[in-house]
Amino acid sequence: MTRKTVRIAMNGVTGRMGYRQHLVRSILAIREQGGLELGDGTLLWPEPVLVGRREHALAALARRHGLDHWSTDVDAVLAEPDVEVYFDAQVTAAREESIRKAIAAGKHIYTEKPTATGLEGALELARLAHEKGIRNGVVQDKIFLPGLLKLKRLIDGGFFGRILSVRGEFGYWVFEGDWQPAQRPSWNYRAEDGGGIVVDMFPHWDYVLHELFGRVVSVQALVTTHIPRRRDEDGKPYDATADDAAYGIFELEGGAIAQINSSWAVRVHRDELVEFQVDGTEGSAVAGLRRCRVQHRSATPKPVWNPDIPATDVFRDQWQEVPDNAEFGNGFKAQWELFLRHVYAGAPYHWDLLAGARGVQLAELGLKSSAEGRRIDVPEISL
């Protein structure tokens with residue numbers, strides 16, 4: 001077995017997602033398992049180079065995990081010839097410029113979404129990477145969740161017949177920061193810093209819908225800011241200039257309709273923080289992060305509306321649990337492994353910067369739909 005060390009610049013790993021899911025649960029987890037076998041006698045060994053703005057935080061992470069390489073100078077890191085991959089988990093507003101620099105330096109690109117603050121910038125990144133001939137990928141983690149993997153299994157097996165509709169509920173109550181600290185960073189609620197639930201979540205809904213049910217061909221959204229005043233990490237009050245809730249209706253290629261509510265101002269009364277109900281002519285399913293339950297046409301009860309008597313049906317008990325039938329690992333790690341195999345073994349991979357631009361497009365058109373109060377067609381994009 002030939003061991004190949006791959007140095008990966010990881011920008012933004014002092015943030016919650018960059019640290020927990022990408023550094024610890026993905027790259028360090030690959031190292032803990034002994035590396036990544038490529039199937040041709042090569043063992044890939046990822047060597048992270050931590051990049052960020054806060055020197056003390058980077059040094060602390062490096063000490064905690066026994067890592068030797070970190071820097072606050074992204075330009076210097078990109079100039080190192082043996083750094084082959086650039087990963088970005090920064091705040092959205094800082095991402096586009098850094099990815100441009102990494103492309104210019106000839107690095108392979110793997111990045112969180114959204115890839116840019118607007119469609120024009122996102123498409124330009126995809127074009128630049130294509131012209132440079134570098135491999136590129138965008139994190140699309142939710143399709144690797146156990147619940148959605150089970151849902152995909154049902155779709156591929158023809159369980160639903162003709163799919164009629166998809167209904168999604170996502171969100172939870174994010175504390176305002178006064179009597180309890182907020183569990184999301186304050187920049188999420190400032191539009192000037194790239195915040196907003198539409199730019200955060202609509203790119204997710206684009207790839208979930210596209211991968212499982214069909215391309216989004218139109219969007220109609222109502223976007224609002226339910227909590228206009230919050231407190232930041234230092235307890236200082238600030239105006240929430242970004243949207244914290246979005247109610248979207250998406251028409252899909254093939255005729256199915258998806259309706260997805262996204263909110264950081266909702267209290268959870270469901271089994272998981274995100275759930276999708278799919279209804280088809282032959283059966284229905286409800287999928288969350290991990291669980292998936294089904295009700296087939298042959299086992300569908302016949303409810304009768306009668307408000308004069310108490311309901312006797314326990315509707316949740318009328319659904320059947322979909323078994324795991326497989327071992328599901330961390331979705332972020334699974335996609336990292338696919339991307340690294342794509343870069344170093346030529347394995348197929350289609351979650352690229354163009355796919356990321358499609359998510360930015362849906363967010364942009366969702367905001368436009370809300371501002372103009374109308375349904376908007378979503379044209380196909382290309383390089």
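Every Cα-Cα pair in the chain was counted, and those over 26 Å apart are 56% of them. For the stretch 14-24, 3J(HN,Hα) computed residue by residue from phi via the Karplus equation (6.51, -1.76, 1.60; θ = phi - 60°) reads 7, x, 4, 6, x, 6, 5, 7, 8, 6, 6 Hz, glycine and proline entered as x.
Taking every DSSP beta bridge that has both ends in the chain, the antiparallel portion is near 55%. For the stretch 93-108, 3J(HN,Hα) computed residue by residue from phi via the Karplus equation (6.51, -1.76, 1.60; θ = phi - 60°) reads 5, 9, 6, 4, 4, 5, 5, 4, 4, 5, 5, 4, 7, x, 8, 5 Hz, glycine and proline entered as x.
Applying 1/(1 + (r/R0)^6) with r as the Cβ-Cβ distance of E32 and T312 and R0 = 51 angstrom yields a FRET efficiency of 0.45. Based on the Stokes-Einstein relation at 4 °C and a viscosity of 1.567 mPa s, and on the Kirkwood radius from alpha carbon pairs, the stretch 171-278 is assigned a translational diffusion coefficient of 87 µm²/s. Taking label points 7 Å from Cα along the Cα-to-Cβ direction, S382 and R3 give a separation of 4.7 nm.
Helix 197-212 and the longest principal axis of the Cα set of the chain meet at an angle near 80°. Kirkwood Rh over alpha-carbon pairs of the stretch 29-182, then Stokes-Einstein at 20 °C and 1.002 mPa s: what D in µm² s⁻¹, rounded to an integer? Once the numbers are plugged in, D ends up at 112 µm²/s. Taking all Cα pairs closer than 8 Å and separated by 6 or more residues, the relative contact order of the chain comes to 20 percent. The helix-only estimate of mean residue ellipticity at 222 nm for the chain, built from DSSP H runs of length n ≥ 4 each weighted as -39500 (n - 2.57), is -9000 deg cm²/dmol after division by the residue total.
Across the stretch 242-383, the relative contact order, built from alpha-carbon pairs under 8 Å that are at least six residues apart, equals 11 percent.
Arrange W305, W70, W179 by Cβ neighbour counts within 10 Å, fewest through most, would you?
Listing W305, W70, W179 from fewest to most nearby Cβ atoms yields W305, W179, W70.
Springs between Cα atoms under 10 Å define the GNM used for the chain, and in it the highest mean-square fluctuation of V85, V51, V322 occurs at V322. In the distance distribution for the stretch 188-228, Cα-Cα pairs more than 17 Å apart total 42 percent.
Out of all DSSP beta bridges with both ends in the stretch 36-132, state the antiparallel percent to the nearest 5. Rounded to the nearest five, the antiparallel share is 25 percent. Report the residue, chosen from P307, P114, P48, that carries the largest GNM mean-square fluctuation when the chain is represented by alpha-carbon nodes joined by springs under 10 Å. Most flexible of the set in this elastic network: P307.
Under the classification rounded if a/c is under 1.5, otherwise prolate if a/b is larger than b/c and oblate if not, where does the stretch 161-230 fall, given a ≥ b ≥ c as square roots of the Cα gyration tensor eigenvalues? Note, shape of the stretch 161-230 comes out prolate. How many angstrom lie between the C-alpha centres of the stretch 194-222 and the stretch 319-383? One Cα centre to the other: 9 Å. Assuming a ≥ b ≥ c are the square roots of the Cα gyration tensor eigenvalues, decide whether the stretch 294-383 counts as rounded (a/c under 1.5), prolate (otherwise, with a/b larger than b/c) or oblate. Judged from the Cα gyration tensor, the stretch 294-383 comes out oblate (a/c at least 1.5, b/c at or above a/b). When you work out D = kT/(6 pi eta Rh) for the stretch 332-383 at 10 °C and 1.306 mPa s, using the Kirkwood radius from C-alpha pairs as Rh and the Stokes-Einstein form, the result is 120 µm²/s. The mean sequence distance of close C-alpha pairs (under 8 Å, at least 6 residues apart), as a share of the length of the stretch 216-269, puts its relative contact order at 36 percent.
Which of the three applies to the stretch 64-115, rounded, prolate or oblate, going by the alpha-carbon gyration tensor with a ≥ b ≥ c and a/c under 1.5 meaning rounded? Here the stretch 64-115 falls in the oblate category.
No lab work stands behind these numbers, since they all come straight from the coordinates. All figures in this text were calculated on a predicted structure; none of them were measured in a lab. Neighbour counts are summed over all protein chains in view; Cβ atoms, including those assigned to glycine, are modelled from backbone coordinates with ideal geometry.
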